[in-house]
2 protein chains.
Amino acid sequence: MNLPVTAADVEVAAVAIAGQILRTPTTASRTLSEITGAEVFIKFENLQFTASYKERGALNKLLSLSGAERAAGVVACSAGNFAQAVAYHSRRLDISAMVVMPTQTPNNKVERTSVLGAQVVRYGPDVDASATHAAEIARTSGRVFLKPFDDAQVIAGQGTVALEMLDDAPDLDVLVVPVGGGGLLSGMAVAARERAPRTELVGVQSEVYPSMIAALSGSPPPLGGTTIAEGIAVREVGHLTARIVAELDIGLLTVTEAHIEEAIALYLEIEKVVAEGAGAAALAALLEHPQRFRGRRVGLVLSGGNIDLQLLASVIMRSLVRTGRLVTLRVGVTDAPGSLSKVTGIVGEQGGNILDVQHRRHILAVPSRVAQLDLTIEVANADVTNALIAKIRDAGFHVDVIQGGLA
Amino acid sequence: MNLPVTAADVEVAAVAIAGQILRTPTTASRTLSEITGAEVFIKFENLQFTASYKERGALNKLLSLSGAERAAGVVACSAGNFAQAVAYHSRRLDISAMVVMPTQTPNNKVERTSVLGAQVVRYGPDVDASATHAAEIARTSGRVFLKPFDDAQVIAGQGTVALEMLDDAPDLDVLVVPVGGGGLLSGMAVAARERAPRTELVGVQSEVYPSMIAALSGSPPPLGGTTIAEGIAVREVGHLTARIVAELDIGLLTVTEAHIEEAIALYLEIEKVVAEGAGAAALAALLEHPQRFRGRRVGLVLSGGNIDLQLLASVIMRSLVRTGRLVTLRVGVTDAPGSLSKVTGIVGEQGGNILDVQHRRHILAVPSRVAQLDLTIEVANADVTNALIAKIRDAGFHVDVIQGGLA
């Protein structure tokens, strides 16, 4: 094999970036092991300063530049973690950095990047357009264009994640790695095949963006769509990365949005850490394909933690609905004084905490003189919901579960 | 001084528990340093298996038991982190454990403790009543009664937190420590005074439960009340702990509920970790008393991460309101076709995401033929809110900010 990145390149990168990025821990999770049936180890790359592994590749690339290139500065295109990684390490190394972002990029992402010292240029309707503009800036200004994944130095830098995991958790049977453009997976694969040839590698893609799978099978790139894992929402994978993944014959899986959300909630509730959608993809793969990993020593890369608090709150609430801890009941109540009090009284007695009340008359779907009462209730678990529904029915009311009830 | 716990006791505890609890990291936080003006280091005790430092004291106590005591088993009273700590390490050491909890304890806390192997007994309306019952069980059954903080072995175990922090972040000017019963603070103080005599210690209490302050000044215990920091909601501190805190002349501060909530949100957003209310109290003290810590090297103990997801989601949403990222506007709209569409159209154009709509007629506070429209909107920041309000007013509508708007 004649790979564009070698294991030696990754070892060199590890020495180069040592002390300038966080040596993140890899720890065993007993509770996630019980839940998934595998022996689970987690690499916490969300603890990096800019909260993702992207710093490794960005820094390794910056360190590889010549004096003249450093003086000319760099330009990158990213609306996400790579932008922050480039901004942060360029400033540390006293290199001028410019980052092109699509015009629609949320203000907070722009701010986070410019606070770290990069000049942000907003251009174009999407990442493709702003990438073209970044390349144009590179041509006209002499700045070095930094590609987020399809670059040998970037790939070598990302590969250092594997070296640390294999040091901290020896004899792993499998490394499970989120895949967008493929930089992390291909770098880790190159390093792991040399260091631990019997350790399998599995790449995980969002089912909305199965781009590496498409690339390897010669299919056109996926159309894409809305996903909570925007960090791996990449339509076109890299040429170098795809070549490595193909040559090393690495397995790929897809995961659904629901499993990604569940993985984010588990990281919060069990591990007490924040994962972004892409960062939770490896755990999502364990939840979605348990038979593939059962009984094996599995190393998951929690690759990033940059998720908006709004989105995180929404993921939590949806998880509570999914696990039966938040339920919406529709109760038919007589349109007469006292009914609302009676129903809500039962909810309180059973330990339910009412979050929202909607009380409607003039609904043709229910008989005249009956009002429709929608209650959204927090409960400790689904048993409470069932007890609560039984009590309300015993009191003579009709109850439907609108959402969140478990049988 | 003749203290009930010595620095040597803490050193012995450190050796005893080594390898059986997680050696948690202490890391510098550049972003929290920028926000608070201090040089901030964080000890991540939320990463312990049961997500709090309580394991240290519980384990040290269990290891100090004689063979006969181990055979007789233990009984504790706790509805929180101490219960899980006792349950987990008792099972590890093959000691029978019973935990008494108040009857009103939420099911999930009972389940979490019994899953770890303890027999849970629900008894009494509050912790005082269940503590009395636990002591009674100890008398009649021969089980050893484990006190959560007022015990020399427990205090020595908790003190090991200070040794690790001083090893990992030398030359700290201050250690900031949450205080409930005082076990963590007194143990850390004993150890730190010996190892680093110039390092100041500061204890932090919820303003709802300033129990150590009351005890040291000879005042009656506080009445207490509702607090998000239930882990330090203790009315009666320990005798041993109060003696140590008094003799070592340790400073105490209180923090408001609002600052504790803000600290939880910052831990999530900046550090990507989950802190419970009590666990975030030390950071809350930096936010509330910045002048006290400015420019100094400050070590914060993030003491625990056990917070219900429901509560966490609520803290996030409240933080978004506080920081201007979630706003509720009340708009007076003509009660005629097209008005709702016009207003919501402006919100969308300005990048606001509508979460909730309430449209009311028959409100006497507004003129006849005008309906009251309440919109709850997600925005990137307060600038968007201001732009949005201006545009709606330009279109001829009256707008009031109900909550979440910043000037």
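At a glance:
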item: Answer from A:T328, A:T376 - the residue that is surrounded by 16 or more Cβ atoms within 10 Å (Cβ to Cβ), within 13 Å of chain B (Cβ to nearest Cβ), in a strand (DSSP E or B) and more than 27 Å from the chain's Cα centre (by Cα); result: A:T376
item: Set A:V5, A:V10: member being in a loop (DSSP other than H, G, I, E, B), of a type in the set (V, I, T) and away from chain B (no Cβ under 14 Å); result: A:V5
item: The listed residue being acidic (D, E) and in the same structural domain as B:R122 (by TED's automatic domain parsing), out of B:E11, B:E69, B:E45; result: B:E69
item: Which numbered condition A:L240 misses (of (1) within 14 Å of chain B (Cβ to nearest Cβ); (2) over 24 Å from A:V40 (Cβ atoms); (3) of a type in the set (A, V, I, L, M)); result: (1)
item: Residue in the range B:145-155 that is touching a Gly at 6+ places or on another chain (Cβ under 6 Å), over 23 Å from B:T105 (Cα atoms) and touching a residue at least 60 places away in the same chain (Cβ under 8 Å) present; result: yes
item: Selection from the range B:39-74 of residues that are more than 18 Å from B:A169 (Cβ to Cβ), hydrophobic (A, V, I, L, M, F, W, C) and within 14 Å of chain A (Cβ to nearest Cβ); result: B:F49, B:A51
item: The range A:88-101 - residue that is surrounded by 19 or more Cβ atoms within 10 Å (Cβ to Cβ) and within 14 Å of another protein chain (Cβ to nearest Cβ) and, of those, farthest from the chain's Cα centre (by Cα); result: A:H89
item: Selected residue (criterion: farthest from B:A16 (Cα to Cα)) from residues of the range B:50-76 that are touching a strand residue (DSSP E or B) at 6+ places or on another chain (Cβ under 9 Å) and open to solvent by 10 Å² or more (accessible area, probe 1.4 Å); result: B:A72
item: Enumeration of residues in the range A:255-279 that are more than 10 Å from the chain's Cα centre (by Cα), closer than 18 Å to A:T227 by Cβ and either within 12 Å of chain B (Cβ to nearest Cβ) or of a type in the set (A, V, I, L, M, F, W, C) (or both); result: A:V255, A:A258, A:A265, A:Y267
item: Matching entry among B:S314, B:S319, B:S303 (being crowded, with 16+ Cβ neighbours inside 10 Å, hydroxyl-bearing (S, T, Y), in contact with a Pro (Cβ under 9 Å, 6 or more places away or on another chain) and within 14 Å of chain A (Cβ to nearest Cβ)); result: B:S303
item: Pick from the range B:339-358, criterion open to solvent by 40 Å² or more (accessible area, probe 1.4 Å) and either modelled with pLDDT under 85 or of a type in the set (A, V, I, L, M, F, W, C) (or both), ranking: nearest to A:P106 (Cα to Cα); result: B:G351
item: Pair list, Cβ < 7 Å and 6+ apart or interchain, from the range A:379-402 residues that are in contact (Cβ under 8 Å) with a residue 60 or more places away in the chain to residues that are open to solvent by 70 Å² or more (accessible area, probe 1.4 Å) and not in a helix (DSSP H, G or I); result: A:D400/A:R330; A:I402/A:R330
item: Test for B:G117: is it within 26 Å of B:L63 (Cα to Cα) and either not assigned by TED's automatic domain parsing to the domain that holds B:S78 or not in a strand (DSSP E or B) (or both); result: yes
item: Subset tally (residues that are open to solvent by less than 10 Å² (accessible area, probe 1.4 Å) and closer than 21 Å to A:V154 by Cβ) for the range A:191-205; result: 6
item: In the range B:124-134, the residues that are of a type in the set (G, A, S) and either buried (at least 18 other Cβ atoms within 10 Å of the Cβ) or modelled with pLDDT of 95 or more (or both); result: B:G124, B:S130, B:A131, B:A134
item: Helices (runs of 4 or more DSSP H) wholly inside the range A:127-231 containing at least 3 residues that are charged (D, E, K, R); result: A:127-141, A:152-168, A:183-195
item: Meets criteria (under 17 Å from the mean Cα position of the chain (by Cα) and either more than 12 Å from chain A (Cβ to nearest Cβ) or open to solvent by less than 10 Å² (accessible area, probe 1.4 Å) (or both)) for B:E288; result: yes
item: Within the range B:379-407, considering residues that are within 14 Å of chain A (Cβ to nearest Cβ) and within 11 Å of B:T328 (Cβ to Cβ), the one modelled with the lowest pLDDT; result: B:G404
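The values are calculated or read from the model by the stated rules, or taken from the named source; none is laboratory data. What you see is a predicted model; the values in this text were computed from it and never measured. All Cβ positions, glycine included, derive from the backbone under ideal geometry; neighbour counts span all protein chains shown. The protein model used for the area step is the full one, side chains on, heavy atoms only, and it has no ligands, DNA or RNA in it. Shrake-Rupley method; radii C 1.70, N 1.55, O 1.52, S 1.80 Å.
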